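Here the structure is laid out as structure tokens; the discussion comes afterwards.
The values are calculated or read from the model by the stated rules, or taken from the named source; none is laboratory data. Computed from a predicted structure; not experimentally measured. Here the Cβ positions follow ideal geometry from the backbone for every residue, glycine too, while neighbour counts run over all protein chains shown.
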Amino acid sequence: MIAAIISDVHGNADALATVLAQARILRCERLLVLGDLVGYYHQPREVMKLLHEWEFSLVQGNHDAMLARAAHDASFLLETTNKYGSGLAIALETLDSSDLELLIKAPSRRLESMGEFEVLLCHGSPRDRDEYVYPDAPGEVLDACSGEGDIVLMGHTHHPFVAVRNGVLLVNAGSVGQARDRGGVASWSTINTANGAVVPHRTAYDVTPVKRRAAEIDPGNAYLVRVLER
């Protein structure tokens, strides 16, 4: 079976739609979702609709966890809106109760048997949902990520990489919705569960409508547009 590994969609339905169209061409049968479906950008309802067209496994990202707090803390919601844009506020306004519950109650990590492999799904790292593991992470950090499973899948940094430590394959899928290493693309990966082969992908998509919505909805947050132009 081939599965698509996606992370950090961040309300960017344009990017996700393009990735999932490519995933179908590659005959992916399910999605492994590493968190942060919401935050930053402005189409969380469309993101969830696209997600529900697939069989998927999900872990919670830090922005999904922030959504849980923002639902009951107006001052925190205002703080996150000022810092990250209106993505969480729009998610709270537009997502139905079942999708909100799905995001709020998702586990921070999950271990799944896939073929002959034990695959660990995380957002940040196996030990901390909020830990950033970058491509140039020190060896001791990578070693700490290799303690469980045959394959460890991570996101959070928006920078993709593949490494092997202590016989464990470490994969950071990058970001579908806000790639920070290169503009105009969505970063994701595929995994073949028959042989454990992982292939990174960068799929080009039209960032113009995403930038336009960001400029209209959050005109005071220039970062939301600028980051898509790297």
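For region 124-131, the condition holds for at least one residue, the condition being that it is farther than 25 Å from Asn192 by Cβ and assigned to a strand (DSSP E or B). Scan region 153-169 for residues that are within 20 Å of Val9 (Cβ to Cβ) and either among the polar types (S, T, N, Q) or surrounded by 24 or more Cβ atoms within 10 Å (Cβ to Cβ) (or both) and the total you get is 6. Selection of region 95-104 for residues being over 26 Å from Asn172 (Cα atoms) and buried (at least 17 other Cβ atoms within 10 Å of the Cβ) yields only Leu95.
Among the candidates Leu153, Leu142, Leu170, single out the residue that is within 13 Å of the chain's Cα centre (by Cα) and within 22 Å of Phe117 (Cα to Cα).
Numbers: Leu142 fails: within 13 Å of the chain's Cα centre (by Cα); Leu170 fails: within 13 Å of the chain's Cα centre (by Cα).
The unique qualifying residue is Leu153.
Being touching a helix residue (DSSP H, G or I) at 6+ places or on another chain (Cβ under 8 Å) and within 22 Å of Val210 (Cα to Cα) narrows it down to one residue among Gly87, Gly61; which is it? So that I can check it myself, show each step before the final result.
Working: Gly61 fails: touching a helix residue (DSSP H, G or I) at 6+ places or on another chain (Cβ under 8 Å).
One residue alone meets the criteria, Gly87.
Within region 208-225, the presence of a residue that is in a strand (DSSP E or B) and either within 29 Å of Leu170 (Cα to Cα) or among the acidic types (Asp, Glu) (or both) is excluded. The condition of being of a type outside the set (Asp, Glu) and either farther than 15 Å from Leu120 by Cβ or touching a Gly at 6+ places or on another chain (Cβ under 8 Å) (or both) does not hold for Ala144.
Within region 135-150, take every residue that is not charged (D, E, K, R) and not in a helix (DSSP H, G or I) and give me the one that is farthest from Ile191 (Cα to Cα). Before you say what the answer is, go through the steps one by one.
Going residue by residue through region 135-150, those that are not charged (D, E, K, R) are 135, 137-139, 141-142, 144-147, 149.
Filter once more, keeping what is not in a helix (DSSP H, G or I): 135, 137-138, 145-147, 149.
Details: Pro135: 19, Ala137: 23, Pro138: 25, Cys145: 19, Ser146: 18, Gly147: 20, Gly149: 15 Å.
By that ranking, first place goes to Pro138.
Got at least one residue in region 20-39 being basic (Lys, Arg) and more than 28 Å from Leu120 (Cα to Cα)? No: zero hits.
Yes/no matrix, rows are residues, columns are (1) without any contact (Cβ under 8 Å) to a residue 60 or more places away in the chain; (2) crowded, with 23+ Cβ neighbours inside 10 Å:
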site	(1), (2)
Gln60	no, yes
Asp64	yes, yes
Leu67	yes, yes
Ala71	yes, no
Ala74	yes, no
Leu77	yes, no
Lys83	yes, no
Ala89	yes, no
Glu93	yes, no
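Please tell me if Ala137 is touching a residue at least 12 places away in the same chain (Cβ under 8 Å), of a type in the set (A, V, I, L, M) and out of contact with any Asp or Glu (no Cβ under 6 Å at 6 or more places or on another chain). So that I can check it myself, show each step before the final result.
Working: touching a residue at least 12 places away in the same chain (Cβ under 8 Å): no; of a type in the set (A, V, I, L, M): yes; out of contact with any Asp or Glu (no Cβ under 6 Å at 6 or more places or on another chain): yes.
Against the criterion (touching a residue at least 12 places away in the same chain (Cβ under 8 Å), of a type in the set (A, V, I, L, M) and out of contact with any Asp or Glu (no Cβ under 6 Å at 6 or more places or on another chain)), Ala137 does not qualify.
Checking the conditions here, which among Val164, Val141 is β-branched (Val, Ile, Thr), farther than 21 Å from Arg30 by Cα, modelled with pLDDT of 95 or more and touching a Leu at 6+ places or on another chain (Cβ under 9 Å)?
Numbers: Val141 fails: touching a Leu at 6+ places or on another chain (Cβ under 9 Å).
From the options Val164, Val141, the qualifying one is Val164.
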